[in-house]
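Enquirer: One structure coming up, written as structure tokens, with questions to follow.
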Amino acid sequence: MIEIALIRPGATDYDAQRRIRGTLDLPLSDAGEAEVRRIVAELREPGLETIYASPDQAAWQTASSIAEALGARLKKLEQLRNLDHGLWQGMLVEEVKRKQPKVFRQWQEQPETICPPEGETLGQAQERVQASICKMVKKQKSGRIGLVVPEPLASIVQSFLSHSDLGALWRSEKQCGCWQMLAVEPQQLAAL
């Protein structure tokens, strides 16, 4: 069995403003840096052997701080870049809700049916997440690792690893600077 600490990076200014971050490369805010310090303190006890991270700046800053503090190896996984929201990136969530109410409602109720203009579908993101996670788990096989990915990609990862529903992606975007431990049987993922 492998234990995966699924870690949401500390907050950016866009998170505080409720803007859609998507694949935009943003640094941690002061509040985000404080969240990372708290995460480091919380993860000292379980410890982590390796930290895998999304390539975006906030995730990489978060992962680097954790790896340095815990003496863990650090690896960047390009395939774990965040869900590409296309032209919605940088917009306020409320702005999308106001300008495109039908699309917004459909995104909440059936996100797999929506592709933001010039973005990617949820299915495309799920495929690359599954391939990347399966490859990572196949290499690791056992132990305890960290996986630092921003929302909504973290919800996609969690859904895949725990075989659960995806949930409301717009609401999950507010989750920053938190983590949870997931137990994964590599054989279960190999069967997918």
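Any read-out appearing in this document is the output of simple, stated calculations on the displayed coordinates, not a laboratory observation. This structure is a prediction, so every number in the text was calculated from the model and none was measured. Note that each Cβ is placed from the backbone with ideal geometry, even for glycine, and that neighbours are counted across all protein chains shown.
Enquirer: If we restrict to alpha carbons, what Rg and Dmax does segment 2-190 come to, in Å?
Expert: Gyration radius and largest Cα-Cα distance of segment 2-190: 15.9, 48 Å.
Enquirer: Now for a different question. Let me confirm the definition first: pairs of Lys residues in the chain, 8 or more apart or on different chains, C-alpha distance under 19 Å. How many are there?
Expert: So the count of such lysine pairs works out to 9.
Enquirer: Would you mind ranking Thr62, Thr23 so that the residue whose beta carbon has the fewest other beta carbons within 10 Å leads the list? Don't skip to the answer; put the middle values down first.
Expert: Values: Thr62 32, Thr23 18.
Ordered from fewest to most neighbouring Cβ atoms within 10 Å, Thr62, Thr23 come out as Thr23, Thr62.
Enquirer: Now, a different point. In whole Å, what three semi-axes, largest first, describe the equivalent ellipsoid of segment 24-103 built from its Cα gyration tensor (square root of 5 times each eigenvalue)? Could you put the intermediate results ahead of the total?
Expert: Numbers: eigenvalues 190, 43, 20 Å².
So the three semi-axes of segment 24-103 are 31, 15, 10 Å.
Enquirer: Kindly provide the trypsin sites (Lys or Arg not before Pro) of segment 121-155 that DSSP labels as loop, not H, G, I, E or B, and whose Cβ sees at most 16 other Cβ atoms within 10 Å. Show your work: numbers first, answer last.
Expert: Details: sites: Arg128, Lys135, Lys138, Lys139, Lys141, Arg144; in loops: Lys141.
Passing both the DSSP loop test and the Cβ count: Lys141.
Enquirer: Quick one: what are the phi-derived ³J(HN,Hα) couplings along segment 122-130, Karplus 6.51/-1.76/1.60 with θ = phi - 60°, whole Hz, x for glycine and proline?
Expert: 4, x, 5, 5, 4, 4, 6, 5, 4
Enquirer: Rounding to the nearest 10 and keeping the result within 0 to 90°, find how far the Cα-based axis of helix 153-162 lies from the longest principal axis of the chain.
Expert: For helix 153-162, the angle is close to 60 degrees.
Enquirer: Counting only residues 5 or more places away or on other chains, whose amide H sits under 5 Å from the amide H of Arg21 once H atoms are built in the peptide plane?
Expert: Amide H to amide H, under 5 Å and 5 or more residues apart or across chains, Arg21 pairs with Gly90.
Enquirer: How high is the relative contact order of the chain, given as a whole-number percent (alpha carbon pairs under 8 Å, six or more residues apart)?
Expert: Values: 373 pairs, mean separation 69.8, N = 192.
Computed over the chain, the figure is 36 percent.
Enquirer: Under the rule of at least 5 residues apart or a separate chain, name every residue whose amide H is placed under 5 Å from the amide H of Val148.
Expert: Sorted by chain and number, the residues that satisfy this are Ile7, Tyr52, Ala53, Ser54.
Enquirer: A further question follows. Taking amide hydrogens as modeled 1.01 Å from N in the peptide plane, which residues meet the under 5 Å criterion relative to Asp84, leaving out close sequence neighbours?
Expert: Result for Asp84 returns Glu120.
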